[in-house]
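Please read the structure below before turning to the comments.
The values are calculated or read from the model by the stated rules, or taken from the named source; none is laboratory data. On a predicted model such as this, the values are computed, not experimentally measured, just so you know. Every residue, glycine as well, gets a Cβ built from its backbone with ideal geometry; the counts of neighbours run over all protein chains shown.
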Amino acid sequence: MALLWVGLGNPEPGMAANRHNIGFMAVDAIASRHGFSPWRRRFKGVTAEGTIAGEKVLALKPLTYMNASGESVQEAAAFYKLPVSVITAFHDELDLVPGKVRVKKGGGAAGHNGLRSMDRMLGTQDYWRVRLGIGHPGSKERVLGHVLGNFSKDDSAWLSTTLDAVADAAAMLVQGKPEDFMTRVALLTQDIR
């Protein structure tokens, strides 16, 4: 059985560098590092397939826009008859400092529309999440502009280091070792702050 790794983001070319698109960036980095197949359109998104640590991984980037991400995820999961336990969402996280990465299973959407859509379409919150810290702008009024704003030049060093670390440590996620994955990412990114 394959693992389904979903990067959350918006497909608009002008939004490619948005903080909200760090989920897309993460699965791109993983697919590139591990020699996945070329991306192709399916399930209201684009998919690439590969093998990490001997396991088949299907990477998915929904093209439905963030607020309807769950439609694409649900279609792919239904097609492959995948249980929710093999689904992992990679997404931006306001409540973590830039470059910090946390893995957890289940939990609320915390205002994240991509997760909210997945919860609704999958009928559960019980999938894995790789939370990629983008920092908080300080006030609620500035959140929308922050997540839909592009990463700045100052962000580029920690961003590329973090994405490289996530791709480098991906085998530990495949092996069901989220703690080891977080430790490895932390070690590889310790010089960026």
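For region 44-51, the count of residues that are of a type outside the set (S, T, N, Q) and at positive phi is at least one.
Note on region 94-135: among residues that are over 19 Å from R19 (Cβ atoms) and among the hydroxyl-bearing types (S, T, Y), the one that is surrounded by the fewest Cβ atoms within 10 Å (Cβ to Cβ) is T124.
I need the helices (runs of 4 or more DSSP H) fully contained in region 136-193, keeping only those with at least 3 residues that are of a type in the set (V, I, T), surrounded by 12 or more Cβ atoms within 10 Å (Cβ to Cβ) and touching a residue at least 60 places away in the same chain (Cβ under 8 Å).
156-168
Put simply, of R33, R129, R41 the only residue that is of a type in the set (K, R), on the phi < 0 side of the Ramachandran plot and without any contact (Cβ under 8 Å) to a residue 24 or more places away in the chain is R41.
Of T124, T88, which residue is hydroxyl-bearing (S, T, Y) and not in a strand (DSSP E or B)? It is T124. Of the listed requirements (1) of a type in the set (A, V, I, L, M, F, W, C); (2) outside any helix (DSSP H, G or I); (3) closer than 25 Å to D126 by Cβ; (4) out of contact with any Lys or Arg (no Cβ under 8 Å at 6 or more places or on another chain), I30 misses just one: (2).
A residue that is outside any helix (DSSP H, G or I), of a type in the set (A, V, I, L, M, F, W, C) and either under 14 Å from the mean Cα position of the chain (by Cα) or on the phi > 0 side of the Ramachandran plot (or both) cannot be found anywhere in region 111-120. Scanning region 39-63 for residues that are of a type in the set (S, T, N, Q) and buried (at least 17 other Cβ atoms within 10 Å of the Cβ) turns up just one, T47. Among the candidates V46, V6, the residue that is touching a helix residue (DSSP H, G or I) at 6+ places or on another chain (Cβ under 9 Å), modelled with pLDDT of 95 or more, within 27 Å of D155 (Cα to Cα) and outside any helix (DSSP H, G or I) is uniquely V6.
Looking across region 162-192, just one residue is touching a helix residue (DSSP H, G or I) at 6+ places or on another chain (Cβ under 7 Å) and farther than 22 Å from A89 by Cβ, and that is I192. Just so you know, in region 1-34 the residues that are surrounded by fewer than 18 Cβ atoms within 10 Å (Cβ to Cβ) and in contact with a strand residue (DSSP E or B) (Cβ under 6 Å, 6 or more places away or on another chain) include one that is nearest to H112 (Cα to Cα), and it is A17.
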